[in-house]
Structures are given as C-alpha cells and as structure tokens.
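See structure below.
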C-alpha cells in the first residue's frame, strides 16, 4: 500500500510533499489492532494500522472500516488517515465511498494497482492518494481468527478480470473456415469453366 500526499497551488500545479509505503519490508514496524463493533443499526469490523514513516514529525494511523453493504455482503466503506506533514500537528483525510463489496465468508483480493482519493477537509490544496496493489482482506470471519491465512473462496476486483479468450478463438476459426470455403468454391468454379471450352 502506498500513500502519496501532494499540494497544488492556485494554478493547479501539483508538488509532491510526502510518500510512504506499507508492505512486507516494514511490516514489523507497523502496529495493528482491530475491533468488531455491534451497534443498533449495523455491525462493523475496524482495522487500524499505525506507524511512523521516515522523515515524519509524528505517528501516522490509517483505519479501515468494513461494514455490511447489503445482506450477505460486506465492503470497505470508510478509510480514515491521520498524518503529519510538519510540526503544525496532525491532519486527517478520509473517504466515505465504498471501495469494494464481496460476499461474507470470502476474502477480497486485488493484484492490480488501484488508486483512491482521500479528502482532506482542512485543506482544498492537499491531495491524498491511497494506492493498493497485491491487496487481500477478509472481514466478518466466523471461524478461527488466530489462523493468519485467508479462508474460503476469493472475490477479485474488476481490474484483475481477464476476459476469456474463447470468443476471439472462435471468431478466428470461423474466419479460417470461411476463407477455406471461398478458396474451394473458387477452385471448383474455375475447373468447370475449363471443362466447357475445347482447344482449337
């Protein structure tokens, strides 16, 4: 996962301010916690990741809120980022749009790179982009949560969808058959014309 923060001026020119990564190389320096929350209206699963990027003034925290999108399905419905750019204090950015939805009992996987915009409400000039690649999550697990592996089937993102190659193959075979039939018809008709004429 990559978090990229940039600022744009009045002319809308963007200047990169900070980029940080969460991946297998820095996984040991990341504090993680989670919670299952049952409210009167909905059930939520919350995942928090906290770390201090190199060059940052303070600790960063990103929260992923998984909730039931409709009966039998859950999704990543909210992302909240607390971050530091300078000594002026922490800032936050978030999105309230659903980033994906999949069936309960499955894990969501997306190998392709997907980028989402987080809105910094305190500044219109700050752009926060959250980029996922090789991302897999599973919420609302009912089985052994001490097992650190994903269970059950997976649901892939649209970017990972590879259309089947059956249709292009069928079209190609049909074209070859049509060309072969046209050649055979041409050869047969040209032989008939030759039979009708005699040499003088």
* Structure fact -> Residue span residue 162 to residue 86: 0.36 nm per residue of separation minus Cα-Cα distance leaves a gain in nm of 23.0 nm
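For every helix of n ≥ 4 consecutive DSSP H residues, a contribution of -39,500 (n - 2.57) applies; sum these over the chain, divide by its total residues, and give [θ] at 222 nm rounded to the nearest 500 deg cm²/dmol.
Value at 222 nm, helices only: -5500 deg cm²/dmol.
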* How much FRET efficiency would the formula 1/(1 + (r/R0)^6) give for residue 149 and residue 40, where r is the Cβ-Cβ distance and R0 is 35 Å, rounded to 0.05? -> 0.60
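Would you mind getting me the FRET efficiency between residue 6 and residue 97? Use the beta-carbon distance for r and R0 = 25 Å, nearest 0.05.
0.75
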* To do: Mind giving me the FRET efficiency for residue 124 and residue 57? R0 is 35 Å, r the Cβ-Cβ distance, nearest 0.05 is fine.
  => 0.95
* Degrees, to the nearest 10: 166-196 long Cα axis against longest axis of the chain -> 10 degrees
* Cα gyration tensor of the range 2-160 - equivalent ellipsoid semi-axes, whole Å, descending -> 29, 17, 16
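Calculate, in nm to one decimal, what residue 27 and residue 189 gain on full extension: separation in residues at 0.36 nm each, minus their alpha carbon distance.
So the chain would gain 50.9 nm between residue 27 and residue 189.
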* For the chain, calculate the relative contact order in percent as a whole number, restricting contacts to Cα pairs under 8 Å that are 6 or more residues apart. => 16 percent
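Read-outs: derived from the displayed coordinates by stated rules, not from any lab. Since we're looking at a predicted model, the values are computed, not measured. All Cβ positions, even for glycine, are placed from backbone atoms using ideal geometry, and neighbour counts span all protein chains on display.
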